[in-house]
Amino acid sequence: MAHVESNTTPTVPSPAESTPDSGLDLRNIQGDILSGMPKKTETFYFFQITDAPTFRQHLRAFVPLVKTVAQALKDRDDIDKHKKKDEGHGNKPHVIPIVGVNVSFSHFGFVKLGIDDSKLIDPAFLIGQRQDAQGLGDKGTGDGESFVPDWDDAFKQDIHGVFIVSGDSHPTVDKKIQDIEKLFKIGTNAASYKKIVSIRGDVRPGDQSAHEHFGYLDGVSNPAIIGFDKNPPPGPKPVQAGVILLGQEGDQNKDGREPWMIDGSFLAFRHLLQNVPEFDEFVNKNRLQLPGLTEKEGADLFGARLVGRWKSGAPVDLTPFLDDPDLATDPLRNNNFHFSAERDFQKLCPFAAHVRKTNPRADLEELGFSIDRNRILRRGIQFGPEVTRAERQQKKTLHRRGLLFACYQSSIASGFQFIQKSWANNPDFPFGEQTPETPGVDPIIGQLRGQTDRGLMSGTNPNTPATTVSLNDIWVIPRGGEYFFSPSVKALRETIAA
Ligand code: HEM
């Protein structure tokens with residue numbers, strides 16, 4: 001599952017394919033991490049702890065609300081059974097009420113609680129995302145320690161933690177948030193945290209339900225976890241659980257972890273705006289004019305080459321000239337590509353295409369590099385309204401919309417931060433010096449130290465890969481974020497709430 005976790009997405013391996021006999025304690029791991037909590041809507045609720053001893057007390061009462069992987073799998077099973085029952089009766093499947101709660105803490109949250117988190121080691125986590133923003137390429141003022149990112153005010157404050165509440169509908173989620181606020185005595189003198197901001201994400205309506213706001217199918221490629229995902233579909237090779245979970249085999253710092261860190265995972269959150277009408281206009285202006293293609297087909301092909309997949313989800317590496325909706329929804333084929341080991345000179349997929357930048361597959365593996373440690377599990381959701389007629393006419397964004405990006409990993413420095421800084425933002429990656437063509441930055445998320453003009457991208461025209469387009473605009477704009485640690489249930493109970 002990538003950014004959208006809807007319980008209707010056809011490409012997500014079903015929970016029945018995940019096995020509980022993995023050796024992992026699925027009742028100890030928070031549900032959003034491995035299985036993803038089923039969701040139509042999700043609220044990220046950021047808070048600052050005001051009274052640490054009272055907060056710990058309140059947290060004790062809160063822990064039983066936390067949804068584990070085992071429970072999230074059960075939810076998915078229930079959804080499947082319901083769907084089958086409805087379809088069996090000839091009815092359109094309806095959504096069943098489901099809600100899930102998870103919680104994560106920033107480094108500043110652990111400091112406030114007096115918990116020594118130095119053995120979490122991760123340098124990105126320990127400085128926090130606000131301090132990391134300049135390195136990520138976000139716009140802002142000042143330099144180094146005094147850099148202030150151009151973010152929403154909420155994210156310029158110290159954020160200590162986040163509740164993630166997901167479910168089938170706004171009323172179910174809102175009710176659960178009220179329950180949480182009651183436990184922490186919010187609105188009374190005994191409150192133990194201050195709410196900073198809550199941001200609601202929603203799966204898009206109708207046939208766009210599994211698509212992000214630019215229109216591309218999301219939730220296709222996530223790493224399969226050895227021992228957890230049974231019968232993973234063909235594609236990138238499965239990774240060890242420790243790529244995502246601390247203290248498990250494959251965690252680079254496995255032996256240095258303290259017991260309370262085991263089975264936890266780092267969460268990188270980014271509040272990303274998407275300028276959809278402006279992106280559409282760019283795609284339309286640069287549509288490919290190839291023999292036999294209509295204007296619309298030329299625009300669709302150009303857009304597909306920016307992402308590396310067609311809007312349907314079909315990868316351009318497998319179907320470079322024409323969309324193939326059957327391939328797109330076939331989990332046995334839609335992730336089974338590796339980019340050409342012979343460095344295809346971008347005939348199939350541009351080097352800078354978003355999916356090639358963020359998971360270069362054989363580009364590095366065939367040179368003998370393992371990219372296991374750079375894999376992340378994406379669990380985000382869309383926010384904001386659909387594009388309005390006025391926006392379409394004016395070709396201008398008038399309403400905030402985009403992606404609440406969230407991903408899990410056992411190292412932010414090797415995961416999110418590395419992907420953003422060393423791959424997406426690096427115009428020379430991959431093969432910058434080894435081919436006549438410089439790839440350019442990732443056209444979707446690449447940033448050059450806050451500049452709007454992001455230089456040239458090659459490879460958008462499959463017939464003349466050296467031809468470049470100018471990325472002199474930017475359509476994904478970071479407005480905030482933070483790095484968190486999502487502890488195990490045992491750690492919540494015995495260490496953090498103790
Ligand atoms: C608004 C911003 C973004 C949009 C619109 C977007 C869109 C997409 C789409 C359409 C896909 C292909 C479908 C899929 O495999 O799920 C994808 C894949 C992916 N994205 Fe993003 N994404 C965004 C931000 C990010 C960020 C910030 C990162 C990490 C730094 C990231 C990392 C990935 C990865 C790792 C994949 C899977 C690549 C693969 O294994 O093939 N994305 N994204």
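The values are calculated or read from the model by the stated rules, or taken from the named source; none is laboratory data. Model, not experiment: these values are computed from the prediction. Every residue, glycine among them, receives a Cβ derived from its backbone with ideal geometry; neighbour counts consider all protein chains shown. Only protein heavy atoms, including side chains, enter the accessible area calculation; ligands, DNA and RNA are left aside. Shrake-Rupley method; radii C 1.70, N 1.55, O 1.52, S 1.80 Å.
In the list Asn222, Asn231, which residue meets the criterion of being in contact (Cβ under 8 Å) with a residue 24 or more places away in the chain and touching a strand residue (DSSP E or B) at 6+ places or on another chain (Cβ under 9 Å)?
On the way: Asn231 fails: touching a strand residue (DSSP E or B) at 6+ places or on another chain (Cβ under 9 Å).
The unique qualifying residue is Asn222.
Pick from Pro236, Pro277: which is within 16 Å of the ligand (Cβ to nearest atom) and closer than 30 Å to Leu26 by Cα? Working first, answer last.
Values: Pro277 fails: closer than 30 Å to Leu26 by Cα.
Every option except Pro236 fails the conditions.
Here's a check for you: in the stretch 197-231, which residue that is closer than 26 Å to Ala304 by Cα, more than 13 Å from the ligand (Cβ to nearest atom) and of a type outside the set (Asp, Glu) is nearest to the chain's Cα centre (by Cα)? It would help to see each step written out before you state the result.
If we filter the stretch 197-231 for residues that are closer than 26 Å to Ala304 by Cα, which is where we start, we get 201-224.
Keeping just the survivors that are more than 13 Å from the ligand (Cβ to nearest atom) gives 202-203, 205-207, 209.
Next, only the ones that are of a type outside the set (Asp, Glu) stay: 203, 205-206, 209.
On the way: Val203: 14, Pro205: 20, Gly206: 22, Ser209: 16 Å.
Per the criteria, the residue is Val203.
Somewhere in the stretch 428-440, is a residue more than 16 Å from the ligand (Cβ to nearest atom), open to solvent by less than 30 Å² (accessible area, probe 1.4 Å) and modelled with pLDDT of 95 or more?
Start the filter on the stretch 428-440 by keeping residues that are more than 16 Å from the ligand (Cβ to nearest atom), which leaves 428, 431-438, 440.
Pick out the ones that are also open to solvent by less than 30 Å² (accessible area, probe 1.4 Å) and you get 431-432, 435, 437, 440.
In the following step, the residues that additionally are modelled with pLDDT of 95 or more were identified as 440.
For the stretch 428-440, residues more than 16 Å from the ligand (Cβ to nearest atom), open to solvent by less than 30 Å² (accessible area, probe 1.4 Å) and modelled with pLDDT of 95 or more: present.
Per-residue answers, yes or no, for (1) within 15 Å of the ligand (Cβ to nearest atom); (2) within 30 Å of Ile115 (Cα to Cα); (3) among the acidic types (Asp, Glu); (4) not in a helix (DSSP H, G or I):
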| site | (1), (2), (3), (4) |
| --- | --- |
| Gly242 | no, yes, no, no |
| Glu281 | no, no, yes, no |
| Gly298 | no, no, no, no |
| Ala304 | yes, no, no, no |
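Looking only at the stretch 373-399, count every residue that is out of contact with any Lys or Arg (no Cβ under 8 Å at 6 or more places or on another chain) and more than 10 Å from the ligand (Cβ to nearest atom) and tell me the total.
Within the stretch 373-399, residues that are out of contact with any Lys or Arg (no Cβ under 8 Å at 6 or more places or on another chain) and more than 10 Å from the ligand (Cβ to nearest atom) number 14.
Per-residue answers, yes or no, for (1) free of Cβ contacts under 8 Å to residues at least 40 places away in the same chain; (2) surrounded by fewer than 18 Cβ atoms within 10 Å (Cβ to Cβ):
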| site | (1), (2) |
| --- | --- |
| Asp168 | no, no |
| Pro171 | yes, yes |
| Lys185 | no, yes |
| Thr188 | yes, yes |
| Lys195 | no, yes |
| Ser198 | no, yes |
| Gly201 | no, no |
| Glu212 | no, no |
| Tyr216 | no, no |
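Among the candidates Gly88, Gly114, Gly140, which residue alone is open to solvent by 10 Å² or more (accessible area, probe 1.4 Å), over 27 Å from Lys490 (Cα atoms) and modelled with pLDDT of 95 or more? Working first, answer last.
Values: Gly88 fails: modelled with pLDDT of 95 or more; Gly114 fails: over 27 Å from Lys490 (Cα atoms).
Every option except Gly140 fails the conditions.
Answer yes or no as to whether Leu327 is part of a loop (DSSP other than H, G, I, E, B) and assigned by TED's automatic domain parsing to the domain that holds Lys357.
Details: part of a loop (DSSP other than H, G, I, E, B): no; assigned by TED's automatic domain parsing to the domain that holds Lys357: yes.
Against the criterion (part of a loop (DSSP other than H, G, I, E, B) and assigned by TED's automatic domain parsing to the domain that holds Lys357), Leu327 does not qualify.
Name, by its number, the condition in (1) closer than 25 Å to Asp152 by Cα; (2) open to solvent by 10 Å² or more (accessible area, probe 1.4 Å); (3) of a type outside the set (Gly, Ala, Ser); (4) away from the ligand (no atom under 12 Å from the Cβ) that does not hold for Phe418.
Unmet for Phe418, out of (1) closer than 25 Å to Asp152 by Cα; (2) open to solvent by 10 Å² or more (accessible area, probe 1.4 Å); (3) of a type outside the set (Gly, Ala, Ser); (4) away from the ligand (no atom under 12 Å from the Cβ): (4).
Rundown of residues vs (1) part of a loop (DSSP other than H, G, I, E, B); (2) without any contact (Cβ under 8 Å) to a residue 60 or more places away in the chain; (3) over 12 Å from Gln417 (Cα atoms); (4) open to solvent by 20 Å² or more (accessible area, probe 1.4 Å), yes/no style:
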| position | (1), (2), (3), (4) |
| --- | --- |
| Leu126 | no, yes, yes, yes |
| Gln131 | no, yes, yes, yes |
| Glu145 | no, yes, yes, yes |
| Trp151 | yes, no, yes, no |
| Asp158 | yes, no, yes, yes |
| Phe163 | no, no, yes, no |
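For the stretch 449-470, how many residues are modelled with pLDDT of 95 or more and not in a loop (DSSP other than H, G, I, E, B)?
6
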